[in-house]
Amino acid sequence: MSGGERSTRIRAVRLEMRTTIVVVLVALVAAPRKSSRLSQPSEYQLKAAFLLNFAKFTDWPETSFASPEAPFAICVSGKDPFGSALDDVLLNKTVAARPVVVKRLRDQAEARLCQMVSICSGEYEYLRGILESLRGASALVVGESDGFAASGGIVEFTLEQNHVRFTINTDAAEQAGWKFRPKLLSLAKIVRTAPNTGKD
């Protein structure tokens, strides 16, 4: 593929992802609210929309689900920073032809039943144990702490000049058996797992 073709593909993917995010956020603004205030999308509204994009730009085999009727579960581990934003963004959405549900985890064992687990920043000190508890599970693990991806997490949110970006650890993704679509990888910063962290 020539450099021009690659640049054209990346621009198309960015447009597709931005379109999804804009549609989600427009729906949020249009939804009835107790408050009449209209403001810029918050950091966590944007992150919630990105979680939906991650789900849509990843191949999800049937073995990722407990049964043909199981929903697509996006779970939050730790003190939830999303508030209602995650529920609002994912309301009535589907992934892999399955309805999306949001769960706040009370026990790490529940995480093994999730398709995606968002680990809140306050959980970083427990990261190694959390990742170990998910070893062999089908959960796509997303975090927002500095060094999360290099420490063995799969996707890490970052903020660059007040813009939400993301990093993918290809080692952790491969170990967990995840296949990201090339167009998603083309938009990510790629890192590898740091030695002696995030795994035995």
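Since every read-out is calculated from the coordinates, none of them should be taken as a lab result. If you're wondering where the values come from, they're calculated on a predicted model, not measured in any experiment. Note that we place each Cβ from the backbone using ideal geometry, even for glycine, and neighbour counts take in every protein chain shown.
Of note:
- Taking region 60-101 and dividing mean pair separation by its residue count, relative contact order in percent (alpha carbons under 8 Å, at least six apart): 47 percent
- Distance between the modelled labels on R106 and L91, one decimal in nanometres: 2.5 nm (7 Å Cα→Cβ projection).
- Between S133 and K179, the FRET efficiency estimated from the beta carbon spacing at R0 = 25 angstrom works out to 0.65.
- A compact globular protein would have a Cα radius of gyration near 2.2 N^0.38 Å; the ratio found for region 44-200 is 0.95.
- Greater than 20 Å apart at Cα, pairs in K79/K179; K56/K103; K79/K103; K93/K189; K56/K179: K79/K179; K93/K189
- Among residues other than C114 with Cβ under 15 Å from its Cβ, the summed charge is +2 (Lys and Arg +1, Asp and Glu -1).
- Basic side chains Lys and Arg get +1 at the Cβ, acidic Asp and Glu get -1 at the Cβ, and with that the dipole of region 96-179 about its Cα centre reaches some 440 debye.
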